[in-house]
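The values are calculated or read from the model by the stated rules, or taken from the named source; none is laboratory data. Values in this document were obtained by computation on a predicted structure and should not be read as measured data. FYI the Cβ positions are ideal-geometry reconstructions off the backbone, even for glycines, and counts take in every protein chain you see. Side chains included, ligands, DNA and RNA excluded: accessible areas come from the protein's heavy atoms. Shrake-Rupley method; radii C 1.70, N 1.55, O 1.52, S 1.80 Å.
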Amino acid sequence: QVNLVESGGGLVQAGGSLRLSCAAAGSIFSITTMGWYRQAPGNQRELVATITSGGSTNYANSVKGRFTISRDNAKNTVYLQMNSLKPEDTAVYYCKVVITPYNYWGQGTQVTVSS
């Protein structure tokens, strides 16, 4: 069993920054891709950013240049540094960890950006 614990969400003004963390614990053998997704009210869950075990990253166009994903393999932790936040970034953010062949999701953390 794998548990994901997210932290770092909150309320911030537009233009501000937040850093999300997601730590995986449990029966972890080999994590491949780690990522962040978000879901705003009335919308489907969407990809924000992913990072492979080798460090390759992928970002949604809407966050390129503002968000940075990183990971610490020794700590089984993935981070999302979010800068220049906009009101449209408001959503519940979920981390996802792939331990082939399974996907594991965090409980979600609320990010609210006020204008």
Using θ = phi - 60° and Karplus 6.51 cos²θ - 1.76 cosθ + 1.60, couplings along the stretch 63-76 (whole Hz; Gly, Pro as x): 10, 4, x, 10, 10, 9, 9, 8, 8, 10, 5, 5, 9, 6
Each label sits 7 Å from Cα toward the beta-carbon; between SER114 and GLU88 the label points are separated, in nm, by 2.2
For the stretch 8-92, the per residue accessible area (1.4 Å probe, Å²) is 51
Cβ under 13 Å from GLY35's Cβ, GLY35 left aside: what net charge do those residues give with Lys, Arg +1 and Asp, Glu -1? +2
Sorted peptide list for 103-111, 39-47, criterion being average Cβ within 10 angstrom, highest first: 103-111, 39-47
Tell me, what HN-Hα J-couplings in whole Hz come from the Karplus equation 6.51 cos²θ - 1.76 cosθ + 1.60 at θ = phi - 60° for each residue of the stretch 91-106, using x for Gly and Pro? 4, 8, 9, 10, 9, 10, 10, 9, 10, 3, x, 9, 10, 10, 10, x
For the pair ASP72 and GLN1, how long in nm is the line joining their label points, each one 7 Å along Cα→Cβ? 2.6
Given the peptides 81-93, 24-36, arrange them by the average over their residues of other C-beta atoms within 10 Å, most packed first. 81-93, 24-36
Which distance in nm do the two modelled labels at GLN39 and THR57 give, with both placed 7 Å along the Cα-to-Cβ direction? 2.6
Given a Förster distance of 25 Å, report the FRET efficiency between GLN81 and SER27 from their Cβ-Cβ distance, rounded to the nearest 0.05. 0.30
Below 14 angstrom from the Cβ of ASP89, what's the summed charge of the other residues (Lys, Arg +1; Asp, Glu -1)? +3
Order LYS75, LYS96 by their accessible area, 1.4 angstrom probe, all chains in place, largest first. LYS75, LYS96
